Structure formats: structure tokens, C-alpha cells
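Participant: After the C-alpha cells below, expect a handful of questions from me.
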Amino acid sequence: MVSQKPLLLFALCFAVVMSASPSAAQSTEEENPWNREVLAAGRALDTQLRQYAHTELNPHPTNRHIFAANCERNPQWWGRFCVFHQTDGKIDWVAKVPPLYQQWEGMYIVSLHWHHLARLHLDALAVVTSTHMGNGFLWLFALEGRKLRTLLHTPASGYADSPALRDGLPAGITRFSKPITMDIQRPQKGGPELVQFTAAVTVEDNATNEIIARRTMIQMWRWDSKERVFRLRSQR
């Protein structure tokens, strides 16, 4: 008589493989709204905006067909942004975001604003993100064709988890005591564009959580005309 155990083992393994198949995983992803595009091309804008609890549209400084959108399923808790081009209320295309941002995008958007840098012939989008724990980044993007390119990114709230921000401070837990602020400065004659960040941080003792240091830091980021990005130049 042939043993039934090998047949049962084969059936069990087959079932496990099928449950973990790409089609099953894809189905799970499609059922999760968080894995879908924020807005989709080829569809009416107003119809798509109605699926969100709150939306904010920021028009491009020089192109009336382009918008940056903050789309929130739960205001200041679950939300994402996108940049899109529309004609007569229909989305023509949605800009792709850099892979690094996709990795660190957080849970919601705190703010997003366009900045027109006339001498660079550049319209930059500043996006501040946050997690539910209050840890966030500030990103500055340039729209090039149908893609967003990162000009700079830096911690902006929560843990000040950056070697540059912790430089010169005692060991401990470094936090922002208030969110970072950004100022894009007009260049002096013949000089490069500068972005200034002001950050108030505290350092807590690892064992007692008592504040052992406070500091207000100013970072200056300088425009690199060759790579067309902003680079950290100085901090004080």
C-alpha cells in the first residue's frame, strides 16, 4: 500500500506556494488604497479628488496647467502628494517621484509650496513630510519634464537624525524643539543661490531623558551649478 504522507505534503506545499504567488500578492496590493497612485492620468480631476477627505492644490508659478496636490484620506494623519498636468479638468500626466522619496515619504504632508528661482530658470517645490511619531523631512524638488528631481533633503522635525545637525553637540538623543524653517535667499551680484535653514534642537540624556543641551543652528546650502543641486556649505 502506498503511503499517503508524501501526497499530503505535496498538496500542503502547493497550497503555500499558490498563496504566496505574485498574482496573490498583486491582488493584496491592489486592495490597499495606500499602494495606488495618488491621482491617475486619463481621468477627470474632480472625480478623483472626491475620494479624499481633504485636498489642497498649489498652482505652478509659471505654468497654469501644472499643480502640486496634497491628497489626504485622514487630514494630518494619512496623506500623499503628487504633481500633475491637466487640461480642461482632465489629468494628462502625473510626474514620477524619485525612488529615495518613495522610501522616506512618511505618513502625511505637512506643507508644500512652489518657489520661483528666476536666475536659475527653476521652479522648485518644497515638501515637508511627517510620520505619525512626528519625524519628518524637508524636500526640495525640481520638475523636469514629467519627473521630479531632488535638489536637497534634510531632517525637519522630530529626531534630528543627521550628522550635520548633531555636529558639536554632546552624546544623547537630539530632537527638533520646533520644526525647521527654510529661507531661499536672493543671490548677491555674481554669487550663487543660497538656501538657509534655521533649526532649534535639544539634546536629551540617554538614561534620564533630561535636556542637557540646547542650540539654534543655521545651515547654508549652496547651489552647485555643475550638478544642479543644493549642497550643504556651512553650519553654525
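The values are calculated or read from the model by the stated rules, or taken from the named source; none is laboratory data. All values derive from a computational prediction rather than experimental measurement. Heads up, the Cβs are rebuilt from the backbone with ideal geometry, glycines too, and the neighbour counts pull from every protein chain shown.
Participant: Among the residues of region 132-172, count how many are crowded, with 16+ Cβ neighbours inside 10 Å, touching a Phe, Trp or Tyr at 6+ places or on another chain (Cβ under 9 Å) and in a loop (DSSP other than H, G, I, E, B).
Facilitator: Total satisfying the criteria: 3.
Participant: Residue 229 versus (1) buried (at least 17 other Cβ atoms within 10 Å of the Cβ); (2) within 19 Å of the chain's Cα centre (by Cα); (3) of a type in the set (A, V, I, L, M): which is the lone unmet condition?
Facilitator: Result: residue 229 fails condition (1) only.
Participant: Let me ask something else about it. Go through (1) at pLDDT 90 or above; (2) of a type in the set (A, V, I, L, M, F, W, C); (3) under 25 Å from the mean Cα position of the chain (by Cα); (4) under 22 Å from residue 166 (Cα atoms) one by one and return the number of the condition residue 213 breaks.
Facilitator: That leaves (3) as the condition not met.
Participant: Here's a follow-up. Would you say residue 196 is surrounded by 13 or more Cβ atoms within 10 Å (Cβ to Cβ) and either farther than 26 Å from residue 103 by Cβ or small (Gly, Ala, Ser) (or both)? Spell out how you get there, then give the answer.
Facilitator: Details: surrounded by 13 or more Cβ atoms within 10 Å (Cβ to Cβ): yes; either farther than 26 Å from residue 103 by Cβ or small (Gly, Ala, Ser) (or both): yes.
For residue 196, the condition - surrounded by 13 or more Cβ atoms within 10 Å (Cβ to Cβ) and either farther than 26 Å from residue 103 by Cβ or small (Gly, Ala, Ser) (or both) - is met.
Participant: Going by what's in this entry, would residue 102 be described as within 10 Å of the chain's Cα centre (by Cα) and not in a strand (DSSP E or B)?
Facilitator: Values: within 10 Å of the chain's Cα centre (by Cα): yes; not in a strand (DSSP E or B): yes.
The answer is yes for residue 102.
Participant: Continuing with this model, one more query. Taking region 178-193 only, how many residues are under 25 Å from the mean Cα position of the chain (by Cα), touching a residue at least 40 places away in the same chain (Cβ under 8 Å) and either loosely packed, with under 11 Cβ neighbours inside 10 Å or farther than 22 Å from residue 135 by Cβ (or both)?
Facilitator: Looking only at that region, the number is 2.
Participant: Then there's this: Filter region 190-236 down to the residues that are in a loop (DSSP other than H, G, I, E, B) and charged (D, E, K, R), then identify the one that is farthest from residue 148 (Cα to Cα).
Facilitator: Start the filter on region 190-236 by keeping residues that are in a loop (DSSP other than H, G, I, E, B), which leaves 190-193, 205-210, 225-228, 236.
Filter again for charged (D, E, K, R), leaving 193, 205, 210, 226-228, 236.
Numbers: 193: 20, 205: 40, 210: 41, 226: 18, 227: 15, 228: 13, 236: 31 Å.
That would be 210.
Participant: Now for a different question. Restrict the check to region 48-65 and report whether at least one residue is modelled with pLDDT under 95 and in a helix (DSSP H, G or I).
Facilitator: So far as region 48-65 goes, yes, one or more of its residues are modelled with pLDDT under 95 and in a helix (DSSP H, G or I).
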